[in-house]
Amino acid sequence: MNDAIQAICKEFRRSKEARYVHRLHGVLLVAQGMTCPEVAKLLGDAPRTVEYWVRGFEEEGLAGLREGERGGR
């Protein structure tokens with residue numbers, strides 16, 4: 001099963017659209033009550049990464065989750 005998980009995670013990182021959907025999923029899970037560390041463990045990302053996604057969404061909405069569309073900091 002570990003190989004399957006690695007293959008799925010690799011696929012998420014293959015394209016901008018897949019990465020966007022991955023971030024959407026992470027933010028949705030946080031919105032539904034999971035913690036950033038829980039989501040990070042589930043999705044195979046660092047907790048700080050999930051925190052960045054949530055902050056981007058809170059500050060810029062959906063555009064904050066898309067690559068190349070974020071405003072200056």
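Can you name the residue in region 5-27 that is open to solvent by 80 Å² or more (accessible area, probe 1.4 Å) and β-branched (Val, Ile, Thr) and, of all such residues, is nearest to Gly68 (Cα to Cα)?
By that ranking, first place goes to Ile8.
Filter region 18-73 down to the residues that are part of a helix (DSSP H, G or I) and among the hydroxyl-bearing types (Ser, Thr, Tyr), then identify the one that is modelled with the lowest pLDDT.
Within region 18-73, the match that is modelled with the lowest pLDDT is Tyr20.
The values are calculated or read from the model by the stated rules, or taken from the named source; none is laboratory data. Only a predicted model underlies this, so the values are computations on that prediction, with no experimental measurement involved. Side chains included, ligands, DNA and RNA excluded: accessible areas come from the protein's heavy atoms. Shrake-Rupley method; radii C 1.70, N 1.55, O 1.52, S 1.80 Å.
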